[in-house]
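Trainee: Following this message is one structure expressed as structure tokens.
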Amino acid sequence: MRLNEQQANSLYGQDVKDRSGSKIGSVGQIWADAAGEPTWVSVKTGLMGHKESMAPLEKARITDSGLAVDYDKSTVKDAPAVDAGTDQPLDTDQIEQLYAHYRLTPQAPRAPQPPPAAGRGRAPAAGEDLIRSEERLRVGTESQPAGAARLRKYVVTEDVHTTVPVEHDEVRVEREPIAARDARGMRADIGEAEQEMTLRAERPVVGKETVPVERVHLAKEEVVEEQPIDDQIRRERVDADIPERSRRRR
């Protein structure tokens, strides 16, 4: 897509969408080639903090909702990135990495590309407005590892004290006198004899079984907290140097 200077300037801050219409981010910077034709655009995705992903303007198109590039969202987000708000030209290595990432064939000699800083360092012509600029602080976030949580189980041995009721047989000797009337039908023998009785006793028996008692797992939740950020920004001021006799008096 060939863009003129007016079209390129109109893209700053506009939404950038992928080939399916999903929003990737917004336009940060635009780079031109050696001939001054806009060639690359940086995309502020909001996920890399102070970095902006690069995308080619080749096959891109301007729509009512912003800029549409001919690549999917993940390809653009994984592309080589530049510092947010940088005014440095792209060097040869950066351009080669971009062509390789997007599988493009380089067009024309690979020379460093100037950023579109129109009017920088140029004195305004007679009657032309003086543009005052200032820096704005853009704050984003990026995700990074903050440690790892692990669950580990191990075996401990503890003493258990309990009681169990046990039964056993006890023997006692019972004596019952025989009345005279009952003795008539009994045979009275004198001699040795014995009687045997089987006795039983219970003893404690210990067994063990393994049973599941609890489910344990890790869970995480996102907590949002405010963190202070201190930085410096630059802004321009305009002072008027007007001859005394030309000053307007109220």
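The values are calculated or read from the model by the stated rules, or taken from the named source; none is laboratory data. It should be emphasised that the depicted structure is a prediction, and the values quoted were computed from it without experimental measurement. Positions of Cβ are backbone-derived with ideal geometry, glycine not excepted, and every protein chain shown enters the neighbour counts. Heads up: the accessible areas ignore ligands, DNA and RNA and are worked out on the full protein's heavy atoms, side chains in. Shrake-Rupley method; radii C 1.70, N 1.55, O 1.52, S 1.80 Å.
Trainee: Sort Ile229, Ile30 by heavy-atom solvent-accessible area, probe 1.4 angstrom, most to least.
Mentor: Heavy-atom accessible area, descending, gives Ile229, Ile30.
Trainee: Take Met197, Met54 and sort them by solvent-accessible surface of the protein heavy atoms, 1.4 Å probe, largest at the top.
Mentor: Met197, Met54
Trainee: Using Cα centres only, tell me the gap between segment 213-236 and segment 20-52 in whole Å.
Mentor: 27 Å
Trainee: Checking the cross-link filter: which lysines have an alpha carbon closer than 23 Å to that of Lys220, excluding same-chain neighbours under 8 positions apart?
Mentor: Lys153
Trainee: As I understand it, the value is the acute angle between the Cα axis of helix 92-101 and the longest principal axis of the Cα atoms of the chain; what does it come to in degrees, rounded to 10?
Mentor: So the helix axis and the longest Cα principal axis differ by about 50 degrees.
Trainee: Sticking with this structure for a sec: Hey, what D do you get for the chain in µm²/s if you plug the Kirkwood alpha-carbon radius into Stokes-Einstein at 4 °C and 1.567 mPa s?
Mentor: For the chosen part, D equals 47 µm²/s.
Trainee: Largest first, what is the accessible-area ranking of Asp169, Asp230, Asp78 with a 1.4 Å probe?
Mentor: Asp230, Asp78, Asp169
Trainee: Sort out the exposed loop chymotrypsin sites (Phe, Trp or Tyr not before Pro) in the chain (DSSP loop, at most 16 other Cβ within 10 Å) and tell me the longest stretch that has none.
Mentor: 13-153
Trainee: A follow-up question, please. Using a Gaussian network model on the chain with a 10 Å cutoff between Cα atoms, which of Pro56, Pro228, Pro89 fluctuates the most?
Mentor: In this elastic network of the chain, the residue with the biggest mean-square fluctuation among Pro56, Pro228, Pro89 is Pro228.
Trainee: Something else now. Run the reach check for Lys44 against lysines, Cα to Cα strictly under 27 Å, same-chain hits fewer than 8 apart removed. What comes back?
Mentor: Correct list for Lys44: Lys17, Lys23, Lys59, Lys73, Lys77.
Trainee: Could you work out which residue, out of Arg215, Arg175, Arg61, moves most in a Gaussian network model of the chain, that is, has the largest mean-square fluctuation with Cα springs under 10 Å?
Mentor: Arg175
Trainee: Here is a follow-up. Counting only C-alpha contacts under 8 Å and six or more residues apart, can you give the relative contact order of the chain as a whole percent?
Mentor: Over the chain, the number comes to 15 percent.
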